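Reviewing the structure listed below.
The values are calculated or read from the model by the stated rules, or taken from the named source; none is laboratory data. Quick caveat: nothing in here was measured; it's all calculated off a predicted structure. All Cβ positions, glycine included, derive from the backbone under ideal geometry; neighbour counts span all protein chains shown. Accessible surface areas use protein heavy atoms only, side chains included; no ligands, DNA or RNA. Shrake-Rupley method; radii C 1.70, N 1.55, O 1.52, S 1.80 Å.
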Amino acid sequence: MLKMFVLMNDRSSSYWKFPIVAVVAFTFFFCSDRIRSVSGFRPSTLLTSSSNKIPRYGNRSLTLFSKKNISRRKLLQVSSSILPATVPFLNSKEAASMDTETQKPSSINFGAKWSATDGLNSLNEKSEFVSFDMRAYKAMKEDKTRTPIFERAISDRLGDDPEDKVVLDLGTGPYALFALIAAQQGAGKVYAIEANPEAAESARVFVKRSGYADVITILEGFSTEIEIPEKADFCIAEIVGSIASEEGVYATIGDAHRHLKDPSNDRSWIPSRIQTYAAPASYSLHNLFGPPDFDWSKLNGEPVRFSCRDKGLELLSTPKLIEDITFANIPSISNNKKSGGIHEKISFIVDENRIKENEIALFQEFRRDNKSSVEEAGKFAEQTAHSFSGIAMWPRLILSDSIIIDSRHFGDGNHQQSHWQTVLPIMSGRPLANLIGGERIEATFNFMWSSEITQPPQYMIEGTL
């Protein structure tokens, strides 16, 4: 079987790696086998073909992509010599005049639908709950934009009398990371819950080895099925997905209210609020590879996941708030109903200045190491910068009024380091091209959550350009 990986940014390297959507595998059907993080980032997609055949361009075989991890830079170097001069894409102006009955311009429709566990590891065979492997946990632990900030928030919440505080840690992971931080800073008692049996056992080992077995109690199982012997003063719950709600935060936090002394107080939660921001985006490989050899529709709505530093994805307009989840208020949404969700229609205006800036940035990336000619880099950069591939999304965590974690730069959505990913559902088989700025992208976000922890959130985005 031919196996290809979507590569994530290698934070230990001086250059970035591009998330490759299994270039060879586009000619085949996608399977459901998945792996977790590659190079220390959140879940990446593993695509497996159903054929042993390798596509060829003339005499140049793409076999090399199946034999090793390959950065986008290398892919672009090779692709410039083996790809046809022009890859078909959908001209937005031509598509907008396809209404032959009325002879009037019509909008271009796009959309995608997926489940929170699509493309990610699951705790069981039914794909009911997102889980992680040790590489992903290690990336979270070592993320300097995450762990030290949580540590500061925990210290702030423990205050001057930490020994009087009871702490609840949901999803403590194999390192019992935040539970140990609370204990080391003097918490009187910590209850740490972990659903993954292997991670729970590892957490017990770390707690014992660290000398805090008398302070920290590891409880194995879903938090919705566990009782703790006393109410906690506050809860640490880093169960935030790259789309904020995708790790089951509604069901988990809604239930966790019963464990706290004052669950309606924002200071009873770390984080106290989580958000998802979104913006239309251009994606370089979506432009470079297309039919008949590469079929993006085989993704069936499953998003592509990027490092937040990956410059192969560029935003086309100012980001807008999609999800805004306050932990203190979650019961009004999840516990009083069997399900909840959002239905939001949001307009984005394509920014002409962003297109120009993106074209320059993409040209520089295509020209790295001078492996692509100026003409080729210019053509690819122009084509990508003026195209729309989908709606990109990423999380923001508000730990307190003054302690905040951004996975992308707040306000403009620019690239920055984070172990969280940018999620991009591909909205059409080919990019919508020839954007010039000023176009209106109308997107309707339908996100649905259940109060049952084993029911993964469902996502659907539909829109028009």
Q) Looking at (1) within 27 Å of residue 324 (Cα to Cα); (2) touching a residue at least 12 places away in the same chain (Cβ under 8 Å), which is the one condition that is false for residue 225? A) (2)
Q: Quickly run through region 139-154 and pick out the residues that are in contact with a helix residue (DSSP H, G or I) (Cβ under 8 Å, 6 or more places away or on another chain), in a helix (DSSP H, G or I) and open to solvent by 10 Å² or more (accessible area, probe 1.4 Å).
A: 140, 141, 147, 151
Q | region 273-295 residues that are among the acidic types (Asp, Glu), paired with ones that are open to solvent by less than 10 Å² (accessible area, probe 1.4 Å) (beta carbon under 6 Å, 6 or more apart) | A | 295/26
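Just one of 342, 360, 322, 330 is at pLDDT 95 or above and either aromatic (Phe, Trp, Tyr) or under 23 Å from the mean Cα position of the chain (by Cα) (or both); which is it? Talk me through it step by step, then tell me what you get.
Working: 342 fails: at pLDDT 95 or above; 360 fails: either aromatic (Phe, Trp, Tyr) or under 23 Å from the mean Cα position of the chain (by Cα) (or both); 330 fails: at pLDDT 95 or above.
Every option except 322 fails the conditions.
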Q | Residues located in region 437-461, provided they are at pLDDT 95 or above and either touching a helix residue (DSSP H, G or I) at 6+ places or on another chain (Cβ under 8 Å) or over 26 Å from residue 254 (Cβ atoms) (or both) | A | 437, 438, 439, 440, 441, 442, 443
Q: Could you run through region 309-331 and say how many residues are in a strand (DSSP E or B), touching a Phe, Trp or Tyr at 6+ places or on another chain (Cβ under 9 Å), open to solvent by 20 Å² or more (accessible area, probe 1.4 Å) and more than 11 Å from residue 392 (Cα to Cα)?
A: 2
Q | Any chance residue 236 is within 15 Å of the chain's Cα centre (by Cα) and over 30 Å from residue 432 (Cα atoms) | A | no
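Restricting attention to strands (runs of 3 or more DSSP E) lying wholly within region 188-304, give those where 3 or more residues are surrounded by 21 or more Cβ atoms within 10 Å (Cβ to Cβ). Walk me through how you get there before you give the answer.
Values: elements: 189-194, 216-220, 234-237, 273-283.
Where strands (runs of 3 or more DSSP E) fall fully within region 188-304 and carry at least 3 residues being surrounded by 21 or more Cβ atoms within 10 Å (Cβ to Cβ), they are 189-194, 234-237, 273-283.
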Q) For residue 169, all conditions in the list (1) outside any strand (DSSP E or B); (2) within 23 Å of residue 406 (Cα to Cα) hold save one; what is the number of the exception? A) (1)
